[in-house]
Amino acid sequence: MEDIKSTIKDYILKEFLPGEKPDNLTESTPLVTGGILDSIATLKLVSFLEERYGIRVEPHEADVDNLNTLNDIERYVQSKLPNA
Amino acid sequence: MTTNTATVTRTAAPFWRNGFHPQRIPLWLGALVALLGATITVLAVKADWMFLGDAYRFALRQTDVAMACGGFALFAGGITVMLPGAWRRAGEWLLIVVAALAVIVAADIPINFSANNQTSAGPTENPSRPQHLRQRRTAFLKAAQEAASHDPTSKFIMLIFLGGAVGLVRSSAPAREQRDATRQARSLSADTPAITRFVSLEVQLGLLVLLMQQFNLVSPLFNHQIMLLIFFGFLVHYFLPLEYRQPFFVFLSLSAIVCVFGVVQASWLVAIGLTLIGLCHLPVGFKLRIPLVALAGFSLAELRVGWFHAPWSDAIWPILASMFMFRLIVYLYSLQHRKAPVTFWSSLSYFFLLPNVVFPLFPVVDYATFYRNYYDADRHLIHQRGLKWIFWGVIHLLLYRYIYYYVVIAPDAVDSVTNLVRYLISNFLLILRLSGQFHLVIGVLLLFGFDLPRIMNRYWHASSFTDFWRRANIYWRDFMQRVVFYPIYFRLRHWPATASLLLATGVVFFITWALHGYQWFWIRGSYSTSGPDILFWSVFGVVVAANTLYDARAAARKTATAGLDRSFRQLALHTLRIMGVFSVICLLWSIWISSSLAEWVSLWNVPAPTWNDVKVLTPVLLAGIALAAWGALAARKEELRGLGASASAPAAAAEKSFLATALPTGAAIVALLLASLPGIYGRVAPRLTATLDEMRQEKLSRTDLAMLERGYYENLTRVERFNSQLWERYNKAPAQPEEKRDADEANPKSGLWTEDDWRVNYLQTAEFIGILLRPNLGKETDVFHTNRWGMRDKDYDKKPPPGSLRIAMVGGSPEVYKGVANDKLWPTVVEDRLNSENDHRIYNQYEILNFAAATHTALHRLAMVENKVLPFQPNILWYIAHPSDRTKSINRLAEIVMTGTPIPYDYLRQLVQKTGLKRDMEVRTMRARLAPYGNELINWVYRQIVQDCREHSIVPVFFYLPNLKPLGDEETADHLRLASEAGFKVVNLSGVFDGYDERTLHRNDWDFHPNTQGHAIIADRLYETLKKNPDLLEKAKTQVTKR
């Protein structure tokens, strides 16, 4: 479980928050409402999730409900995994 | 989504409904309160039942109504605490309804039960009642209501009673099952009142209401009724249990609709709305519901266009459309994807949003966000944020007003580089009006617990086009992203990313353009687009798409230190980017607001920059650099703050946040309110007194008034894009009772009057004479009719009767204004008076033949004299001149050239040749070329007319009649001088309206033609002038024949 969160955290830090201290990106840091993920960044994150976990993200799922925090993303990815 | 975690941990103790532990209220106390309430109610009702001249009736005095309402609240509260189970629930609902009524009473909301949409303060009158009884009753009613009007004490007592009733019911509430711990925590967080904070919030809100009233922001209806409804509504709403707040909000929203439209029209609006919502919830498959809603939409569209007659007033369309045209799409999307639960009250709250009733342009609120964010944080922080947004809205609206009144210029005034820059920037900044209104409405929603996100974010500081798109209207961008961008992009995910990005962005802009048209269709009732419109959205789409691609690639190139360690060079670059984006947006905006591409191109036809331009524009540029640098620094600050600001906020921080937000907002409100008081700014800044006095008025700017006067807006079908304020005034018809009254007065039978079709009464010829009134319109008994010669006048023979004095009058629209009945037009009134007071010593009869026609300029009048007047053999010619005749004549000549109309005069042909006018030339350029010859042109016309008169022994008399508004007065002196030099007898009627309230003399805010009263004033003054100057009624010497 922790793998998903840390993998995504690493990806977000690398792609969208270069130079940011990892500790500042917490499990509850708002990514969408906080302005870290704009529409283009959201699309890149979605592509990453689809490739990394082999899931298919529907257009209406790429929103604040599922992608706003690391916790939300982890929960969402888990729900989409085949053994969920 | 920042649920107060600290509060959650504090709720380990047994939780009771609404955060209150149940207390046993003795039955006797409930009974006592109910008895007291019933007694007060009965006494108040009895006091209101009085003799009103003809019979005993309810006078509906404010004091009695307030006391009855307060007493009934006590009665309902007392009864409720005594009732068990479901009955108690019914009692609580009754109390909520009474609370809503109390707010209506406290806010002095008039309720109109008549079928039209005009608000009224009193009960409707039965027309069948004898006149003397009606008058007597009205007098009694007036006396009774005046005796108790503006009675704040009774309102205060009513609210105290209501508060007591609510408190009693709350404190006796039994525990009810709670759904889950989170919900409990949310309820507790949202439900715990804190008196000091409440007082702080209510005081700030009250000051904001005063501020809006001081500056007359938005509209009188909003400032004096809806804002008071919000003020008292918030007061009651704050103390209600959470579960009743949404229903109460719905009651308030419906009350606002009733307040604006009256009971009948509001019922139509709500019924149509409920039907549309009902269609979304039909127990059929979702795929069937969408076409059903679409079908309903098409049916309404047919009614909107007017293919079928709708039984409701046209006035409700803009608001009905504003409530449903986009929100239905969002709602269906949310239903389809189960984005948020739907409840009866949340649906009604969502569609009938309280402030929407006065704002046809409304943010596209997302249903899921609306539902999800309801009391999702500390309630006081939400409310305080709401006050902050309302205050920001006020600031935006004040800035807008300043720019609109003093900075904006018309396209015709662009004659230098300085004015070009002024035109480009100031017209874009008019968007402040929209952003002000949006901040205001979102702020109001936050006051009622809907913790909606920010709608605009310093769009003038955008550093790229995508950044501008993200900041300018965040709700719209989110709407497009959810409903259009993502679905298209995800469907094309197998395409190369660049191609799918480009296509999705392109479609977003295409649909945005189409939906703008869709929006204006619903609000205005007709669809229109134009070259500039298409060009604007195309170019905007292209630059945002290009920027999106750039952003997508640039993101991959970000360095590890980017954004955190900005050098001066980076700040400078950011500043430059902000300035560049702002400049391009201003440029694009100028295309969008142009009436045609040719007009936009002609804007650039200005002389090369002069030293004066450099002197003026250098400080502007420096100010622009400073503002952009501020934006760059603010962006840097945001980035440096980084993720720290996003961390969860503990309760202690929330405590600080309330004070930290409330203090500066409250202080700023107080400061602005004090500064807006004439007693203060008159002393501190006496030089600015005139400006600040004007800033407190809501009106059209001088530029707009002048453009209206010159007929600039006459042919613009998309005035909403050019001028939102003017458009709103056009759409204010329901709030302007005098309009219908005037229309009925002018034409109750013939049906010739409609708002836009004055041209149907006219014949457009392809000759120099231009537009002419159609002959034989209506019957002689109709208040609007024309005779066989095409005059709004009696029927005259061509040959004057023997012994008569025949006066022919040429003039413009004021002399034949359709809003005034034929027999009330001032030439007719003067003629009737001359005849009724005629002693027959000189003439048997006076005739004044009215040859005036709408839009007639000096050139038209010359043609009228030569082609229409002379055959009637008049003795005297009255030439009625108006301000702006010079400008209008220039415009007419440009129009003649543009339409290829043959010009029968050598002088005019030479003038056209001399100024190089060509048929395919942009009209603005033609006007600019003719402008230096304005006086020469007028001089020629006057001399030509005088010559014609002399050749036919006609005495030429020149009357100068001013406008009701001081428009075009700069031409007055020239007209009087030129007329006198040409040989007219000159009568200057300037000041004819002095001493009268100008607002009572014209029909509405954009039509300044004198109404019936205005015509009576002109007739009186002119008659007096004729009596004092009998020579004005003398024939030419060779014609005088005494009886």
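So which of A:K5, A:K9 is away from every other protein chain (no Cβ under 12 Å), surrounded by 15 or more Cβ atoms within 10 Å (Cβ to Cβ) and touching a residue at least 24 places away in the same chain (Cβ under 8 Å)?
A:K5
Can you find even one residue in region B:435-449 that is in a helix (DSSP H, G or I), over 18 Å from the mean Cα position of the chain (by Cα) and either surrounded by fewer than 19 Cβ atoms within 10 Å (Cβ to Cβ) or on the phi > 0 side of the Ramachandran plot (or both)?
no
Keeping to region B:297-330, report how many residues are within 14 Å of chain A (Cβ to nearest Cβ) and either open to solvent by less than 20 Å² (accessible area, probe 1.4 Å) or in a loop (DSSP other than H, G, I, E, B) (or both).
Adding up the residues that qualify gives 1.
Give the residue, chosen from A:P22, A:P18, A:P30, that is without any contact (Cβ under 8 Å) to a residue 12 or more places away in the chain and either facing chain B (nearest Cβ under 8 Å) or open to solvent by 40 Å² or more (accessible area, probe 1.4 Å) (or both).
A:P18
So which residues in region B:523-546 are in a helix (DSSP H, G or I), open to solvent by 30 Å² or more (accessible area, probe 1.4 Å) and at pLDDT below 90?
Scanning region B:523-546 gives B:R524, B:G531.
Is region A:34-45 home to any residue that is touching a helix residue (DSSP H, G or I) at 6+ places or on another chain (Cβ under 6 Å), surrounded by fewer than 17 Cβ atoms within 10 Å (Cβ to Cβ), closer than 20 Å to B:R372 by Cα and within 11 Å of chain B (Cβ to nearest Cβ)?
yes
For the subset of region B:341-376 comprising residues that are open to solvent by 10 Å² or more (accessible area, probe 1.4 Å) and within 14 Å of chain A (Cβ to nearest Cβ), which member is modelled with the lowest pLDDT?
Looking at the filtered set, the residue picked out is B:D376.
Taking the options B:S953, B:S889, name whichever one is in contact with a Ser or Thr (Cβ under 7 Å, 6 or more places away or on another chain) and closer than 30 Å to B:N844 by Cβ.
Exactly one residue qualifies, and that residue is B:S953.
State all residues of region B:872-892 that are in a helix (DSSP H, G or I), modelled with pLDDT under 95 and of a type outside the set (S, T, N, Q); if no residue qualifies, say none.
Selection gives B:D885, B:R886, B:K888, B:I890, B:R892.
Given the residues B:E738, B:E780, which is the only one that is outside the structural domain of B:I848 (by TED's automatic domain parsing) and either touching an Asp or Glu at 6+ places or on another chain (Cβ under 7 Å) or at pLDDT below 90 (or both)?
B:E738
Go through (1) surrounded by fewer than 19 Cβ atoms within 10 Å (Cβ to Cβ); (2) within 28 Å of the chain's Cα centre (by Cα); (3) away from chain A (no Cβ under 14 Å); (4) touching a residue at least 12 places away in the same chain (Cβ under 8 Å) and name the single condition B:G506 misses.
Result: B:G506 passes all but (2).
Could you tell me which residue of region B:547-563 is nearest to the other protein chains (Cβ to nearest Cβ), considering only residues that are modelled with pLDDT of 85 or more and surrounded by 14 or more Cβ atoms within 10 Å (Cβ to Cβ)?
Ranking the candidates gives B:T548 first.
Please work out which one of (1) open to solvent by 10 Å² or more (accessible area, probe 1.4 Å); (2) in contact with a Gly (Cβ under 7 Å, 6 or more places away or on another chain) is the condition B:R245 fails and give its number.
It is condition (1) that B:R245 fails.
Okay, residues lined up against (1) in contact (Cβ under 8 Å) with a residue 60 or more places away in the chain; (2) in contact with a helix residue (DSSP H, G or I) (Cβ under 6 Å, 6 or more places away or on another chain); (3) within 14 Å of another protein chain (Cβ to nearest Cβ); (4) polar (S, T, N, Q):
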| position | (1), (2), (3), (4) |
| --- | --- |
| B:I425 | yes, yes, no, no |
| B:L440 | yes, yes, no, no |
| B:G443 | no, yes, no, no |
| B:R458 | yes, no, yes, no |
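Output the residues belonging to region B:45-67 that are open to solvent by less than 20 Å² (accessible area, probe 1.4 Å) and part of a helix (DSSP H, G or I).
Result: B:D48, B:D64, B:A66.
In region B:835-859, which residues are assigned to a helix (DSSP H, G or I) and open to solvent by 10 Å² or more (accessible area, probe 1.4 Å)?
B:N835, B:S836, listed by residue number.
Within region A:46-65, which residues are crowded, with 20+ Cβ neighbours inside 10 Å and more than 11 Å from chain B (Cβ to nearest Cβ)?
Scanning region A:46-65 gives a single hit, A:L49.
Check B:R385, B:R338 and return the single one that is part of a helix (DSSP H, G or I) and open to solvent by 30 Å² or more (accessible area, probe 1.4 Å).
Answer to the selection: B:R385.
Go through region B:486-513 and give me each residue that's part of a helix (DSSP H, G or I) and farther than 13 Å from B:G541 by Cα.
B:Y486, B:P487, B:I488, B:Y489, B:F490, B:R491, B:A497, B:T498, B:A499, B:S500
Could you count how many residues in region B:467-492 are touching a helix residue (DSSP H, G or I) at 6+ places or on another chain (Cβ under 6 Å), of a type outside the set (A, V, I, L, M, F, W, C) and either more than 10 Å from every other protein chain (Cβ to nearest Cβ) or open to solvent by less than 10 Å² (accessible area, probe 1.4 Å) (or both)?
Total meeting the criteria: 2.
The values are calculated or read from the model by the stated rules, or taken from the named source; none is laboratory data. Fair warning: this is a prediction, and the values are worked out from it, not measured in the lab. With ideal geometry, Cβ positions are generated from the backbone for all residues, glycine too; neighbour counts draw on all protein chains shown. Only protein heavy atoms, including side chains, enter the accessible area calculation; ligands, DNA and RNA are left aside. Shrake-Rupley method; radii C 1.70, N 1.55, O 1.52, S 1.80 Å.
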